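In what follows, a structure is listed as structure tokens, so that the remarks can point back to it.
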Amino acid sequence: MDKLERLLNLTAALLDADRPLTADQLRVRIGGYPEARESFRRTFERDKDDLRSLGVPLRVETVPGVDPPIDGYRIDRDEYAGSGLHFEPDELAALNFATNLVHVEGDETGPIKIGAAGGSTTGEQLGRVPFPDALSTLISAAADRQAVSFVYNGEERTVEPWRVSFSRGHWYLHGWDRNRAADRLYRVDRLGSDVRLAGRANEPVGIVADPLELRSWELGDGPATEATVRVDPDQAAYARFLLGDVERGDDGSIIATLQVRNVEAFRSFVLSFLEHAEVIGPPQLRAEFVTWLEAQT
């Protein structure tokens, strides 16, 4: 979890709190902080300073009903909303330019309220960022350490969200799948039902995957299959460029071991080398690949 994401999660948790939260409670709810207590304390102090420098009205109050007294933290929603934002003309022009270039689908009242958009765009948009209905529930659940339930690939899933991120034009949810007792990555636009809250999360936040750091064949919600691929010497340099440090054969070829969760993307990768790549194993994956190739002819 990077610093910006941690600050956003911290803000969301403090806004959602109905009573002051202690530093330890926030540490559990948000995740992403160092394990060592002294390192956590230093990071948390920096995060508080950063929020205040951004104008966030962070309050320090005594947690009620605790003896000895303990400091807690919260953000008052009314103070956070304020009486309105004021932008200088050049700042407003830049904001309007940005909202015209990248359009966030869904509720557009926010930019209009601050004068960043006038209801129509001028010039060409560079992109549109989708904002599905399920996203706000998933973000809140991740920040508040709540489990959620939904249908995915025709199956009911109960997941403890760790992170919601946008990558390659899609939103992704990474979390702990209780049904499979393992962490999984889901594409939010492929959810087959509404998202429902399912009680408190139990599993501690693990190592969170960043879709930007994953290759296309690693993106999926199924168990990973360890595939071995051989690439001929004349294409080995390009394969090393794509895959990084890989095993080299005596003849100049390379042997790559890949963690495959998306078979279709894996096939596309192998076929990008045409006849210069071969799936060596496992035998079942190789046999399925050969059968698929024969079906295409």
Note to self: Every residue in segment 142-169 that is among the hydrophobic types (A, V, I, L, M, F, W, C), more than 13 Å from the chain's Cα centre (by Cα) and closer than 21 Å to VAL205 by Cα, please.
What the structure shows: ALA147, VAL148, PHE150, VAL159
Check: Scanning for something in contact with a Phe, Trp or Tyr (Cβ under 8 Å, 6 or more places away or on another chain), in contact (Cβ under 8 Å) with a residue 12 or more places away in the chain and in a loop (DSSP other than H, G, I, E, B), does segment 234-241 turn up at least one residue?
Finding: no
Next item on the list: Could you please find all residues in segment 177-193 being modelled with pLDDT under 90 and either of a type in the set (Asp, Glu) or not assigned by TED's automatic domain parsing to the domain that holds SER165 (or both)?
Entry: ASP183, ASP189
Item checked: Residue count for segment 1-24, restricted to those that are buried (at least 17 other Cβ atoms within 10 Å of the Cβ) and among the polar types (S, T, N, Q) -> 2
Notebook entry, point to check: ALA236 passes all but one of (1) outside the structural domain of ASN153 (by TED's automatic domain parsing); (2) at pLDDT 85 or above; (3) surrounded by fewer than 18 Cβ atoms within 10 Å (Cβ to Cβ); which number fails?
Noted result: (3)
Next item on the list: Can you run down the residue pairs with Cβ atoms below 6 Å, 6 or more apart or on separate chains, where the first is in segment 33-56 and more than 16 Å from ALA12 (Cα to Cα) and in the same structural domain as ASP76 (by TED's automatic domain parsing) and the partner is among the hydroxyl-bearing types (Ser, Thr, Tyr) and in a loop (DSSP other than H, G, I, E, B)?
Entry: PHE40/TYR33; THR43/TYR33
Margin query: If ARG200 satisfies all but one of (1) among the basic types (Lys, Arg); (2) in the same structural domain as VAL164 (by TED's automatic domain parsing); (3) surrounded by 13 or more Cβ atoms within 10 Å (Cβ to Cβ), what's the number of the condition it fails?
Written below: (3)
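The values are calculated or read from the model by the stated rules, or taken from the named source; none is laboratory data. Quick caveat, the model's predicted, so the values are computed rather than measured. Virtual Cβ from ideal backbone geometry, glycine too; neighbours counted across all protein chains shown.
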